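The structure appears below as structure tokens.
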Amino acid sequence: MISRRPTRQIKVGNVAIGGDAPISVQSMTNTETGDVEATVAQIRRLEQAGCEIVRVAIPDNEAARALRPIREAISIALIADIHFDWRLAIAAMEQGAQGIRINPGNIGGSEKLEKVVSAAKQHGVPIRVGVNSGSIEKDLLDTYGYPTPERPEALIESALRNTRLLEKQGFYDLKISIKSADVLTTINSYRSLSQQTDYPLHIGVTEAGGLIGGTVKSSVALGILLYEGIGDTFRISLTRDPVEEVRVAYELLRSLKIRERGPELISCPTCGRTKIDLFGLAEEVESFIQTMQSPLKVAVMGCVVNGPGEAREADIGVAGGHGVGIIFKKGEIIKKVSEEQLLPVFMKELKKMEEERRLDGKK
Ligand code: SF4
């Protein structure tokens, strides 16, 4: 059983972060933010996948101006990601950003930071203090060295120092992230930081890589932290369509029994007994169930001999045979259809089951 580390709670738009709020899923667009149409289209796909907070890069004024029409066209919380330019941070808040991510140490000095903080107070906008291994101040690197799993202090000190800069101005509406591309450094840094502050933590592995490498690195680091009750919101960072980040995030939450969203696919790896194109079938079913909301367990198994039995815990499943496929519910066979008909008939059964659950008042 996971016991969450107690943290304060903040709100980004309507999304509560920290305290007893559900651990929220974030992603970041990779469109040009100034291209409102493309950015809104991507955010809507993220919304459908279950993303709750989306961050957009604000490299220039055009991007800052785009925030207003973007926010009006979406229904999830919108965060502006700012580097170096305090004016952009203020413009982003004026244009409706519901949160900003900055590194207070590189926003242009204390006077500029004061202006940013005063705008954040005025607009009720929380700030994420986002520190990366690559952005640590030189004096901290000289003292502690580049962060490693054994010595992550530079990262932690940088985050705490930047947090204090905001606190000095009476600003506490904060969450903190300390990102490293290294799994062990990430784990040890957040473990240590979580003992030194009760601000909510945004956790993640930065520059994690492509779908497989990035998923493994993020799942190991964030899986361990979440299991230890550390982390209030997170992003899986992948060199992919950001929708994949959200899918991986929910699989991670589901695997730890923290949150569920939509059906879970159980599929066998295939073996010498498989007589149908199971990879193709599993892919079609996986893509179909992305559109469903119920937390059903859906099995796709290679053979009739072992399939239904092995997937007994599934709510509904399909198993391949010689030129036929069978459909089963809770391990019991309910239908036998030709291989060509298998997918459409199975999809119909899936929809039927979801409808039955809806009528029963289940999700
Ligand atoms: S379900 Fe059948 S085909 Fe799939 S791995 Fe098990 S025995 Fe092999």
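The values are calculated or read from the model by the stated rules, or taken from the named source; none is laboratory data. Just so it is clear, the structure is predicted and the values come from calculations on it, not from any experiment. Backbone-built Cβ (ideal geometry, glycine too); neighbour counts: all protein chains shown.
Restricting attention to the stretch 11-27, the residues that are part of a strand (DSSP E or B) and buried (at least 19 other Cβ atoms within 10 Å of the Cβ) total 7. Test Lys362 against the stated conditions and say whether it is touching a residue at least 40 places away in the same chain (Cβ under 8 Å), exposed (fewer than 14 other Cβ atoms within 10 Å of the Cβ), more than 16 Å from the ligand (Cβ to nearest atom) and on the phi < 0 side of the Ramachandran plot. In short, yes. Under the condition of being closer than 29 Å to Ala49 by Cβ and either of a type in the set (Phe, Trp, Tyr) or in a strand (DSSP E or B) (or both), the residues counted in the stretch 325-347 number 5. Within the stretch 271-294, the residues that satisfy the criterion of being within 15 Å of the ligand (Cβ to nearest atom), under 29 Å from Ala49 (Cα atoms) and crowded, with 18+ Cβ neighbours inside 10 Å are Leu278, Leu281, Ala282, Val285.
Matching residues to (1) over 28 Å from Ile17 (Cα atoms); (2) touching a strand residue (DSSP E or B) at 6+ places or on another chain (Cβ under 6 Å); (3) of a type in the set (Gly, Ala, Ser); (4) in contact (Cβ under 8 Å) with a residue 60 or more places away in the chain:
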residue	(1), (2), (3), (4)
Ile107	no, no, no, no
Lys112	no, no, no, no
Val117	no, no, no, no
His123	no, no, no, no
Arg128	no, yes, no, yes
Ser133	no, yes, yes, yes
Leu140	yes, no, no, no
Thr143	yes, no, no, no
Pro149	no, no, no, no
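Taking the stretch 7-30 as the range and being polar (S, T, N, Q) and touching a strand residue (DSSP E or B) at 6+ places or on another chain (Cβ under 8 Å) as the test, the residues that pass are Thr7, Gln9, Asn14, Ser24, Gln26, Ser27, Thr29. The conditions of being modelled with pLDDT under 95, under 21 Å from Ile17 (Cβ atoms) and not charged (D, E, K, R) are met by Thr206.
You will find that of Val248, Val300, the residue that is at negative phi, buried (at least 16 other Cβ atoms within 10 Å of the Cβ) and in the same structural domain as Leu46 (by TED's automatic domain parsing) is Val248 and no other. The set of residues from the stretch 325-344 being within 15 Å of the ligand (Cβ to nearest atom) and over 18 Å from Glu283 (Cα atoms) comprises Phe328, Gly331, Ile333. Taking Asp315, is it farther than 19 Å from Ser255 by Cβ and either buried (at least 17 other Cβ atoms within 10 Å of the Cβ) or more than 24 Å from the chain's Cα centre (by Cα) (or both)? No; evaluated as a whole, the condition is false for this residue.
Screening Ala41 on (1) outside the structural domain of Val205 (by TED's automatic domain parsing); (2) without any contact (Cβ under 8 Å) to a residue 60 or more places away in the chain; (3) among the aliphatic types (A, V, I, L, M) shows it passes everything except condition (1). For the stretch 260-270, the set of residues classified as touching a helix residue (DSSP H, G or I) at 6+ places or on another chain (Cβ under 7 Å) and either more than 7 Å from the ligand (Cβ to nearest atom) or outside any loop (DSSP other than H, G, I, E, B) (or both) consists of Glu260, Arg261, Gly262, Pro263, Glu264, Leu265, Ser267, listed by residue number.
Once the stretch 295-324 is narrowed to residues that are part of a strand (DSSP E or B) and either more than 12 Å from the ligand (Cβ to nearest atom) or basic (Lys, Arg) (or both), the residue that is nearest to Leu342 (Cα to Cα) is Val324.
Filtering the stretch 303-312 to residues that are over 13 Å from Ile266 (Cα atoms) and crowded, with 21+ Cβ neighbours inside 10 Å leaves only Cys303. Note on the stretch 83-177: enclosed helices (runs of 4 or more DSSP H) holding 1 or more residues that are touching a helix residue (DSSP H, G or I) at 6+ places or on another chain (Cβ under 7 Å) and crowded, with 23+ Cβ neighbours inside 10 Å are 86-94, 110-123, 153-167.
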